[in-house]
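Here the structure comes first, spelled out in structure tokens, and everything after it is commentary.
Just so it is clear, none of the values below were taken in a lab; they were calculated from the coordinates. These numbers were taken from a predicted model, which means no experiment stands behind them. Cβ coordinates were reconstructed from backbone atoms using ideal geometry, including for glycine residues, and neighbour counts include every protein chain displayed.
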Amino acid sequence: MKNKVILPSTVSDHFLISPEIILSMYRDMLLGRSFEDMCAQMYYRGKMFGFVHLYSGQEAVSTGVIKSLNQDDYVCSTYRDHVHALSKGVPSRLVMAELFGKETGCSRGRGGSMHIFSAPHHFLGGFAFIGEGIPVALGAAFQSIYRKQVLGDKTPLRVTACFFGDGASNNGQFFECLNMAVLWKLPVIFVVENNQWAIGMAHHRSTSLPEIHKKANAFGLPGIEVDGMDVLAVREAANQSIYRARAGHGPTLIEALTYRFRGHSLADPDELRSVRQKEAWLARDPIQRLKTHVLDNSIASKDQIDAIDLSVKIEIDNAIEFSLSSPEPDVKDLTRYLFADT
Ligand SMILES: Cc1ncc(C[n+]2csc(CCOP(=O)(O)OP(=O)(O)O)c2C)c(N)n1
Ligand SMILES: [Mg+2]
């Protein structure tokens, strides 16, 4: 069968995963949540401008996928990009400073919330148009293959993880890129974060086949549905997909079922989603869920968890101090960075 892959032991990764990795995933999710909570505070205090889209609730998807990637693998995001960047290792102070529009931000203060970018972390953005990142991710995956097959690079094939929403999956770029990725066996993982809503449009009202992972069948790649509120389940799906991609067998489509705990953006009063629906998803908070798992199974002590909580708080406070005290871009540099220096 064309797309059948031999995976390493299908014994659940849950049993193989070390306490250190579990705690690092807990920290990564908590960092993302705390970062976003602080963004909301700073936005309403007038420290940030433009649209700011928070990721709260979806952390298990970012952590579960990105923390299984290598440092030189690529991540491509959407306008809901802060937490993906943090998981990929972009320092929180550089992301926060970017949101403040400061010269010290990872995009030199020129991008803002929707245009987080960091070449050293192989973080490809940050895109305001939906679906816009999918062909960019495809390009990154193509250069990985080219580097290996044409330029003779001996290092492991670099994998690209491409994140986008359920709404974006109705967009033509998604289908075109699935086609090309399978045709050329590109090392890319398409991660649809199905948070059930595209601004105020409910997913089931806008798509012909609401089970997005089944759309993979039409193009001949594996489609995996995963509980996006369970970081261990996401990690397992990611590991299988990364293994397949790195081995040169091609792309995988992962549909992570998740939910955003806040409005579409900080300008959205969030009046269209029912209280009942919100409460049902809040009860499945991925961070609380992992914490309970850790404590119930004695993977770590309450003291260890408290120490992580404190270290995250300190990191966020430092990011704010750094951002507040950083300089604005200089007016004389208005056109700087528009074109690459040659
Ligand atoms: C090409 C394009 N069309 C329309 C918009 C306006 N728009 C911004 S966000 C959004 C909804 C996207 O929903 P989804 O892909 O599910 O991502 P989520 O916001 O849920 O993370 C739309 C239609 C846009 N940014 N780009
Ligand atoms: Mg959505």
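What relative contact order, as a whole-number percentage, does region 39-196 give when Cα pairs under 8 Å and 6 or more residues apart are counted?
22
Taking a ≥ b ≥ c as the square roots of the eigenvalues of the Cα gyration tensor of region 93-167, is the shape rounded (a/c under 1.5), prolate (a/b larger than b/c) or oblate?
Judged from the Cα gyration tensor, region 93-167 comes out oblate (a/c at least 1.5, b/c at or above a/b).
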Within the chain, helix-based [θ] at 222 nm, where runs of 4 or more DSSP H residues each add -39,500 (n - 2.57), nearest 500: -13000 deg cm²/dmol
Which whole-number percentage describes the relative contact order of the chain, with Cα contacts under 8 Å and a sequence gap of 6 or more? 22
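With a 10 Å radius around each residue's Cβ, average the other Cβ atoms per peptide and rank 91-99, 126-134, 308-316, highest first.
Result, highest mean first: 91-99, 126-134, 308-316.
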Diffusion coefficient in µm²/s returned for the chain by Stokes-Einstein, Kirkwood Rh over C-alpha pairs, 4 °C and 1.567 mPa s, is 63
Extension gain (nm, one decimal) between Ser298 and Arg147, 0.36 nm per residue minus Cα-Cα: 49.9 nm
For Ser206, residues with placed amide H under 5 Å, excluding near neighbours: none
If the chain between Leu338 and Lys47 were fully stretched, how many nm would it gain, using 0.36 nm times the residue separation less the Cα-Cα distance? 102.3 nm
Neighbour cut-off at most 14 other Cβ (10 Å), DSSP loop, GluC sites (Glu not before Pro), region 141-237: Glu211
Only loop residues by DSSP count here, and only those with at most 12 other Cβ atoms within 10 Å; note down the trypsin sites (Lys or Arg not before Pro) in region 153-187 that meet that. Lys154
Karplus-derived 3J(HN,Hα) from phi for region 188-195 (6.51 cos²θ - 1.76 cosθ + 1.60, θ = phi - 60°), whole Hz, x at Gly and Pro, runs 10, 10, 8, 10, 8, 8, 7, 9
